[in-house]
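Have a look at the structure below, then the notes.
What follows draws every value from the coordinates through simple rules; no lab data is involved. From a predicted model like this one, the values you see are computed outputs, not experimental measurements. No Cβ is skipped: glycine too gets one built from the backbone with ideal geometry, and neighbour counts run over all protein chains shown.
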Amino acid sequence: MTLIGDTAIIAPMSKYPFREIEQKWQAYWETHQSFAVTEDENIPQEKRVYVLDMFPYPSGSGLHVGHPEGYTATDIYCRYLRMNGYNVLHPMGFDSFGLPAENYAIQTGTHPKITTESNIANFRRQIKSLGFSYDWSREVSTHTSDYYRWTQWIFIQLFNKGLAYESNTPINWCDHCKTGLANEEVKEGRCERCGTAVVRRNIRQWVLKITEYADRLLEDLEALDWPESVKAMQRNWIGRSEGASVLFHIDGMDESLEVFTTRADTLFGATYMVISPEHPLVEALTTDENRDAVVAYLDEVAHKSDLERTDLAKEKTGVFSGSWAINPVNGERIPIWIADYVLISYGTGAIMAVPAHDERDWEFAKKFGLPIIEVLKSEVDVQEEAWTEDGVHVNSGFLDGLGKDDANNAMIAWLEERGLGKKAINYKLRDWIFSRQRYWGEPIPLVHCPTCGTVPVPESDLPLLLPEVTSYEPSGTGESPLAKIDSWVNTVCPVCGGSAKRETNTMPQWAGSCWYYLRYLDPHNSEEFVSSEKERYWMPVDLYVGGAEHAVLHLLYARFWHKVLFDLGKVSTSEPFTRLVNQGMITSYAFQRKDKSLVPTDMVDEIESDRFIERETGETLERVIAKMSKSLKNVINPDEIITEYGADSMRMYEMFMGPLQVSKPWSTAGLVGVYRFLDRTWRLFTERTVSDQEPSAALLKTLHKSIKKVSEDTASLNFNTAIAQMMILVNDLYKEETLPRQVAETLAKLLSPYVPHLAEELWQQLGHTTLLSATAWPEWDEHLTVDDTVTLIFQVNGKVRSKAEVPMGLGKEEALSLAKADEKIQKWIEGKDTVKEIVVPDKLVNIVVK
RNA sequence: GCCGGCGUGGUGAAAUUGGUAGACACGUCAGACUCAAAAUCUGAUGGAUGAAUAAUCCGUAUCGGUUCGAUUCCGAUCGCCGGUACCA
């Protein structure tokens, strides 16, 4: 049969009744609440484990194959831990506020709650169909009032601590989503969600002071067992840089400009200054004769999107303000320019320009004819190009002859003595724009009172329910749909009782996911967001598995909230997630024409093995790896896989594909291989006689090696190699006449974290009445994992020339003489001088000759 | 540009205090079973030369280094993936 693009489903000739088996055990686990967990105080601290999956956003398209990858990994790990006597907390829930449901509501008028809850039901069904051992009694959904009541409560704690403030500075606005965005939600100048170029817009926003935690968010990364890439991304995002702030007096005015620089040592080369168009001193610094030009420039800049402003990096623009500053180090008058290559949001929004040693300043100076002074000994002519490498200081007065670090320290000391500057630390991280002008989110529980100012809704009045609206359409004016409901907006001030108005903005989707891992600990508590006993019992999360796309957003926000809660004494650890693992993306095959364009999979024929053509044109196509996408028709639907091959095959295949952490392409042919293995295993148990005989010595060795390998690899999340070992064991068993009970039972145990339905069924068929998943994990006998003989390698000059089967632990002398006695070796060393003889016991003998 | 990661058969991949490269699986080929096919079972399968299960050579992106010995350590280069960027 032709496998079209490798994604066609071939119904297997089934002997193995996975449908019945899987339905049977899922029903059993459900009725018996087999995986519900309690805070048993008799279990010692080190045997309590919290294993967490990133909960999904319940989209309308259902689960994709990426979800079960991480979920299967944690499920295997949890089942393994339980069988090893651990008390395991393993919950699941839904991140259920968010824009897609709301956009759907705008199109169809269906309440987002209805869509969301039906999507959740579908997700829950799909997740359950994979047989994961979640404690479903702890399920949470962030859109329910029982849950968001506490999201609102945490917001009030932040507000009371002075960590939430209103701001009117320009923010990123997505015209398509009709809402403001956090900096973290802007990717390359575009809205992360819909790809629309963001524009700057002045909108009243609620902002959280995450910058107050910048240092701790940075430092505490050190101790975390997280992927280096995620830590690096967070470090970059926080963007701490050490330097100096320097004051420049403005000539003829009682004002000064403060700049941040990491290279105070180049101050002698500062030949002009630049302030951002949004800088507060723009107005004051603009002289009358320059006013028209400045106004025109500000207007030009205001009409550029952020994308244009950064994309047009090549061509610098700017205008002279008419004012001059005094370079503090040499008293020179230097012009102050206004240019949009200086960002208001970084540092002080003003810079000292050192064109000789900075690309951007150099370009600007060249364009506007500003002087360029070399202050670092350069290997190029700084009039021709900027020298950005290091060099000894020149033209720099008291710094001449010094290197970078010495000069920098000397300059900062010099400035500090005169009160003109000081050491300073600056962050790229900006405060978190927290309000959204949309409907489907948590209402921000604040009231604006003309007399008392902004006051929080009393905690006893929480939850502040999301009201019903007649239209979900965002106004686009920076007001959320809530603003249109007078009866909801108009309220009384909880402090003075006078008439007041509610805050109408809602929270971003990230709010609910900032603390969901805490709610799982105590999901039905109506008095507290989590009881401190339960929090102390489980926290911190021992293993957190999810996609790398949350490296900065969710993981930074959650760490921030957690630290605030820690400072308030509400949680006992300063970090929420001890260990983080990112599962790799599951990609798919795609077919590429010579011009690199891609052809949808359903337009491709495989004419012979690994030769693909485009049906319409007959053009030969190259098979490449691409992300799954609807347009390429290469999306794999988990429901179909489960129907055709079963959940156990799906689980095991996803783990067998390769290491958890790397991305790998889906191959239905590979899935069939795993299915065959399970079918073979099934037939092994059902078609052979289970005997009470002792297994043969050889089989016993394979068995104990398998216990060891599967145990170690499961504990270290190397599931692919653990599965390979189980395949070796089953292959060996096929060579035996009967199935020794001892081996059969152990095999079922080894299989059980991976293919829990099949394993449970095999266990029952072996005559057991207790649950396999509650049985103790097998132990191995180290002696039985070691072979009696080893293959000793004989090398001449490092090349393998012969080998021999020898007893384990053979002495060096014997090994050497065996090698020398070997016919092939003799041929290679004959007539040559032996220079050196190396013997590695049980490994090799290497004879070096000349 | 900068930061992080990766590069091994026809394919997914194994192998790390430096010691048999390619476990396991897919695919392919051959055999058994079958009227036949599918399914299943057994065996072979990195490349080249070769009748060969003989032998030799080549082979872990490329080039170089350290070493008796390098997929593994070091240096340079190329390519791919992810992140990020007028960040002063």
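Structure above, values below:
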{"read-out": "Aspartates and glutamates with Cα under 16 Å of A:K836, excluding same-chain neighbours fewer than 8 positions away", "value": "A:E813"}
{"read-out": "Residue (of A:W337, A:P170, A:Q725) at the positive-pole extreme of chain A, dipole from beta-carbon charges", "value": "A:Q725"}
{"read-out": "Placed amide H near A:Y16: partners under 5 Å, 5+ positions off or other chain", "value": "none"}
{"read-out": "For the stretch A:640-645, 3J(HN,Hα) per residue [Karplus equation, 6.51 cos²θ - 1.76 cosθ + 1.60, θ = phi - 60°, Hz, x = Gly/Pro]", "value": "5, 5, 5, 5, 7, 10"}
{"read-out": "Proximal lysines to A:K47, defined as alpha-carbon separation beneath 19 angstrom and excluding residues fewer than eight positions away on the same chain", "value": "A:K534"}
{"read-out": "Distance between modelled label sites at A:Q661 and A:S118, nm, 7 Å Cα→Cβ extension", "value": "4.2"}
{"read-out": "Percentage, to the nearest whole number, of Cα pairs in the stretch A:241-426 over 22 Å apart", "value": "44"}
{"read-out": "Chain lengthening between A:K128 and A:E479 when straightened (0.36 nm per residue, less Cα-Cα)", "value": "122.4 nm"}
{"read-out": "In degrees, nearest ten, helix A:756-765 long axis to first principal axis of chain A (Cα)", "value": "20"}
{"read-out": "Ordering of A:260-270, A:81-91, A:236-246 by burial proxy (mean other Cβ atoms within 10 Å per residue, highest first)", "value": "A:260-270, A:81-91, A:236-246"}
{"read-out": "Cα→Cβ-extended label distance, 7 Å offset, between A:D220 and A:I838, nm", "value": "4.9"}
{"read-out": "Kirkwood hydrodynamic radius of chain A, Cα pairs, Å", "value": "32.2"}
{"read-out": "Residues listed by number, the stretch A:683-717, amide nitrogen under 14 Å from A:D788 label point at 7 Å toward C-beta", "value": "A:696-702"}
{"read-out": "For peptides A:440-449, A:652-661, sequence by mean Cβ density within 10 Å, most packed first", "value": "A:440-449, A:652-661"}
{"read-out": "Estimated FRET transfer efficiency (A:A302, A:N395; beta-carbon r; R0 30 Å; 0.05)", "value": "0.20"}
{"read-out": "Relative contact order (%) - chain A, alpha-carbon pairs under 8 angstrom, separation at least six", "value": "15"}
{"read-out": "Cα-derived Rg to Rh of the stretch A:787-849, Kirkwood definition", "value": "0.95"}
{"read-out": "Phi to ³J(HN,Hα) by Karplus 6.51 cos²θ - 1.76 cosθ + 1.60 over the stretch A:417-428, Hz, x for Gly, Pro", "value": "4, 9, x, 9, x, 7, 4, 8, 10, 10, 10, 6"}
{"read-out": "Long-range HN-HN contacts of A:F97 with modeled amide H, under 5 Å", "value": "A:T142, A:H143"}
{"read-out": "Fraction of beta bridges assigned by DSSP in chain A that are antiparallel (%, nearest 5)", "value": "75"}
{"read-out": "The stretch A:787-849: relative contact order in percent, alpha carbon pairs under 8 Å with at least 6 residues between", "value": "42"}
{"read-out": "Amide N proximity, the stretch A:691-720 versus A:L766 label position 7 Å along Cα-to-Cβ, cut-off under 15 Å", "value": "A:691-695, A:700, A:703-704, A:706-708"}
{"read-out": "Restraint check, A:K304/A:K627; A:K803/A:K843; A:K820/A:K843, Cα-Cα greater than 22 Å", "value": "A:K304/A:K627"}
{"read-out": "A:N731-A:Q592 FRET efficiency (beta carbon distance; Förster radius 41 Å; 0.05 resolution)", "value": "0.65"}
{"read-out": "Gain on full stretching of the segment that runs from A:R680 to A:N160 - 0.36 nm per residue minus C-alpha separation", "value": "180.9 nm"}
{"read-out": "Under 17 Å from A:K209, Cα to Cα: lysines that are on another chain or at least 8 residues apart", "value": "A:K161, A:K428, A:K563"}
{"read-out": "Whole-Hz ³J(HN,Hα) from phi, Karplus 6.51 cos²θ - 1.76 cosθ + 1.60, for the stretch A:95-105, glycine and proline x", "value": "8, 9, 8, x, 5, x, 5, 6, 5, 5, 5"}
{"read-out": "Nearest 10 degrees, 0 to 90: helix A:359-368 Cα axis against chain A principal axis", "value": "30"}
{"read-out": "A:Y272 long-range amide H proximity, modeled H, under 5 Å", "value": "A:A353"}
